1. Before we move on, is residue 125 out of contact with any strand residue (DSSP E or B) (no Cβ under 7 Å at 6 or more places or on another chain) and at pLDDT 90 or above?
2. Is it true that residue 51 is assigned by TED's automatic domain parsing to the domain that holds residue 19, hydroxyl-bearing (Ser, Thr, Tyr), modelled with pLDDT of 90 or more and within 20 Å of the chain's Cα centre (by Cα)?
3. From the set of residues in segment 95-122 that are under 20 Å from residue 47 (Cα atoms) and small (Gly, Ala, Ser), which is surrounded by the most Cβ atoms within 10 Å (Cβ to Cβ)?
4. Those residues that are touching a Ser or Thr at 6+ places or on another chain (Cβ under 7 Å) and buried (at least 16 other Cβ atoms within 10 Å of the Cβ), I need them from segment 45-94; list them, please.
5. Collect the residues in segment 97-138 that are out of contact with any helix residue (DSSP H, G or I) (no Cβ under 8 Å at 6 or more places or on another chain) and of a type in the set (Phe, Trp, Tyr), keeping them in residue-number order.
6. If the Cβ limit is 8 Å and pairs must be 6+ apart or interchain, which residue in segment 9-20 that is in contact (Cβ under 8 Å) with a residue 40 or more places away in the chain pairs with which residue that is among the hydroxyl-bearing types (Ser, Thr, Tyr)?
7. Look through segment 1-37, keep the residues that are aliphatic (A, V, I, L, M) and out of contact with any strand residue (DSSP E or B) (no Cβ under 7 Å at 6 or more places or on another chain), and return whichever of them is nearest to residue 87 (Cα to Cα).
8. Suppose we filter 84, 70, 61 for residues that are of a type outside the set (Phe, Trp, Tyr) and within 26 Å of residue 151 (Cα to Cα); which single one remains?
Amino acid sequence: MAKRSKIAQEAFDIAEPEARKLGFDLVDAEYKKEGQQMFLRLFIDKKGGISIDDCETFSKLIDPILDERLHHDADVFEVSSPGLTRPLTGISDYIRYEGEKVDVKLFAADASGDKSFTAVIAGTEDEEVLFAKEDGTEIRTALKDISKAVRHIDF
């Protein structure tokens, strides 16, 4: 996700190990003004998705820790899911969604001439992702060569 403010990064650094203890991935944090209030939002995820109960559990755990250790107060604190259509950014996202279908756009066309395609994440290694297309072909590409990837949603 986008570059974090200093306060959001501080909250992320405090909350990330606590999220891991519960089996969640802390994927982002934001600290921003909305209307007259300052909001601190933490975004958690896990394989299979996040429920409202997961958000509540993490919120109850992390709220007193942030109150004690974070050097800024937010008017509103929230824990949320990053949403179904959030772009996959780091290798941990590709690991989390391995076996799932994604829509991929590359900065440049691959060996078969495709610059965008839908495929299943078949695996990861170091900073590379292996995609399996529906026609049976596989594409291995470096993470840095992926312009955008989002989970594919069938309606």
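The values are calculated or read from the model by the stated rules, or taken from the named source; none is laboratory data. These numbers come from a predicted model, not from an experiment. Cβ coordinates were reconstructed from backbone atoms using ideal geometry, including for glycine residues, and neighbour counts include every protein chain displayed.
1. It is true that residue 125 is out of contact with any strand residue (DSSP E or B) (no Cβ under 7 Å at 6 or more places or on another chain) and at pLDDT 90 or above.
2. For residue 51, the condition - assigned by TED's automatic domain parsing to the domain that holds residue 19, hydroxyl-bearing (Ser, Thr, Tyr), modelled with pLDDT of 90 or more and within 20 Å of the chain's Cα centre (by Cα) - is met.
3. 119
4. Within segment 45-94, 45, 50, 55, 79, 94 meet the criteria.
5. 97, 117, 131
6. Short answer, once both residue conditions are applied: 11/31.
7. In this case the residue turns out to be 2.
8. Matching residue, one of 84, 70, 61: 84.
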